[in-house]
Every structure is written in C-alpha cells, then in structure tokens.
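As structure tokens, the structure follows; a few thoughts come after it.
The values are calculated or read from the model by the stated rules, or taken from the named source; none is laboratory data. The structure displayed is predicted, hence computed values, not measured ones. Here the Cβ is made from the backbone with ideal geometry for all residues, glycine too, and neighbour counts use every protein chain on show. The area values use the complete protein model at the heavy-atom level, side chains included, leaving out ligands, DNA and RNA. Shrake-Rupley method; radii C 1.70, N 1.55, O 1.52, S 1.80 Å.
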Amino acid sequence: MSASSPRLVTAVIVVAAGSGQRLGYGIPKAAVPLGGEPILMHALRGIVASGVATQVCVALPAGDQGLRQLCAGFQEELADGGPLLTLVDGGSTRADSVRSGIAALMEGIEAVLVHDAARALTPESVFHRVSDALAAGADAVIPALPVVDTVKTVAATTGEAAVYAPEVVTGTARREELRAVQTPQGFRIGTLVQAHQAAQTMDEQQSAAVTDDAMLVEMLGTPVHVVRGSTQSLKITTPLDLIFAEGLLEGPLGARWVEG
C-alpha cells in the first residue's frame, strides 16, 4: 500500500449466529471448540491481530448468553487498547445478521469487512489485502482462490434415463474463470448499505438465492474486485473441516503463518 492510500476507518462485522447443526455438537457453531478454544475466539484474535479494525461487531445467536460472556471476557483483554467490541443479536438469515451489524456501527466508519466466524483461521495478510484494495479506491473486494476441481453444471434426469442416475451433465464450466470465494469481504460503507437496502425488496425466492454480500453488490452493477485468499481460510462447516482446522493449529508453524 502506498503512502498516498492510508487505510479507511474500518469495522468488521463477524457473522457468528449459525446453529452449527452439521458439526453435531448441539451448540452454536461459534462455540464449538477448536484447539482448546471456541471457534469464535480464534476468529476474533485473528481480526484484532490484523490491526485493520476500529470496531468489531459480532452478530450472535439471539439469547445466547454463553457466547456473550465469552465476548465480554475478550473485551476485558482489549481494555488496554484495540477495537471497540459491539455485540448484536443475529437474525434468521445471514443477511439479517449483517444488517443487524450495520445498524450498530459507530459514526465515522468508512469501510466494512464482513467476515464469517467459521473462517476462524484466516491469515492477517488476507485482511490486509482486502483493506488495501478498498483504500486504493475499490468499492467492493473479495478474497478468493482458483478452483482446482473440474466443475460441471447439471439438471435433474427426466424420462426413462432417470433410472440411470438422478442428474445429467448439461455443461462444463471453464475452470480458469472460476474462483472459490472466502471472507472477509470488504465494502465501502455506502455500497454495503445500498446493497442491503435493495435486498429488502426481494421476494423469498430471490433472497434464498443470495449466498454472500458480494452477490448483493453485484446486483447493483458495482464491480467486485478479487484479491488472493488463503487455503487456511477454510470454512468450518462439517466434522471433517474441524479436523483439518485442528491439523492447521497443530502444524509446525501454527495458524496464520503457514501461508499468507
């Protein structure tokens, strides 16, 4: 980042309201243990260590006191400095949780990074790349990695062929043009607010088709720029993901320094 492009005053909205049913612990995903600490703690420590945030707004499951107490303890760790920590109740959807976070942002925020708590081991360098691109003038930035698998489009099999298999290939996507998207996703605050205001006019089917904030911004016609993500930014969704994350923590170099 050049001296002429200082970072914007930035808030990070952490989406941590997921139920975590697929992990099988019977507790919210953010509270599931990873390397001896809840997933959420790893995410918060990574954000603070990156130094990009003036405010960190955490969207938690409504009524969950355990995670609120956890965050209160973390806030005490920040007593001598660090970003303002704000807690809000998340909604029934990811977009609702993000909107709750937007409503709680402090005055003067210029940019917002929306981050999934489930990507708890995201390296600091990814936060820096997203923030630097916003500072350089982008309205929307996402981290992503090239797709290494061959990806095919399919449709439900119909007619007599349905006895062979439930789906049939309709095409093969150009792998060179595909990217696997991660978080944090960064936006100028006006862009993110406008995108979520537009989203509230969508019907239920349209809303269900939206899987991230960048998609809402794309619908505005605003360019979404892409910076390099990290293989460490895996999203912890299944028990196998948790095993991989544990392996990263137990590796010889530890989390966030294995790869930038």
Ordering 192-199, 207-214, 11-18 by per-residue average of other C-beta atoms within 10 angstrom, highest first, gives 11-18, 192-199, 207-214
May I ask you to give the percent of accessible area on segment 1-74 that is carbon plus sulfur, with a probe radius of 1.4 Å?
-> 53 percent
Could you give the accessible area per residue of the chain, probe 1.4 Å, as a whole number in Å²?
-> 50 Å²
Calculated FRET efficiency, T93 and E160, Cβ-Cβ r, R0 51 Å, to nearest 0.05?
-> 0.80
Taking Cα pairs closer than 8 Å and at least 6 residues apart, the relative contact order of segment 127-248 in percent is 34 percent
[x] 7, 31, 34, 15, 5, 4, 2, 1, 0, 0; [y] 6, 27, 37, 25, 4, 0; [z] 7, 28, 35, 21, 7, 2, 0: which one is P(r) over Cα pairs in 10 Å bins from 0, in percent as calculated from this entry?
-> [z]
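Would you mind working out the magnitude of the charge dipole of segment 144-255 relative to its Cα centre, with +1 at each Lys and Arg C-beta and -1 at each Asp and Glu C-beta, to the nearest 20 Debye?
380 debye
Which of the peptides 21-30, 177-186, 65-74, 146-155 is most tightly packed, and how do the rest follow, going by the mean number of other Cβ atoms within 10 Å of each residue?
177-186, 21-30, 65-74, 146-155
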Of the accessible area of segment 89-177, computed with a 1.4 Å probe and all protein chains kept, carbon and sulfur make up a percent value of 52 percent
Report, in degrees rounded to the nearest 10, the 0 to 90 angle that the Cα long axis of helix 124-135 makes with the longest principal axis of the chain.
-> 90 degrees
What angle do you read, to the nearest 10 degrees and between 0 and 90, between the alpha-carbon axis of helix 39-50 and the longest principal axis of the chain?
-> 60 degrees
What FRET efficiency would be calculated for the residue pair R179, Q65, taking the C-beta separation as r and a Förster radius of 35 Å, to the nearest 0.05?
-> 0.35
Using +1 on the beta carbon of Lys and Arg, -1 on that of Asp and Glu, and nothing else charged, what's the dipole of the chain about the Cα centre, debye to 20?
-> 280 debye
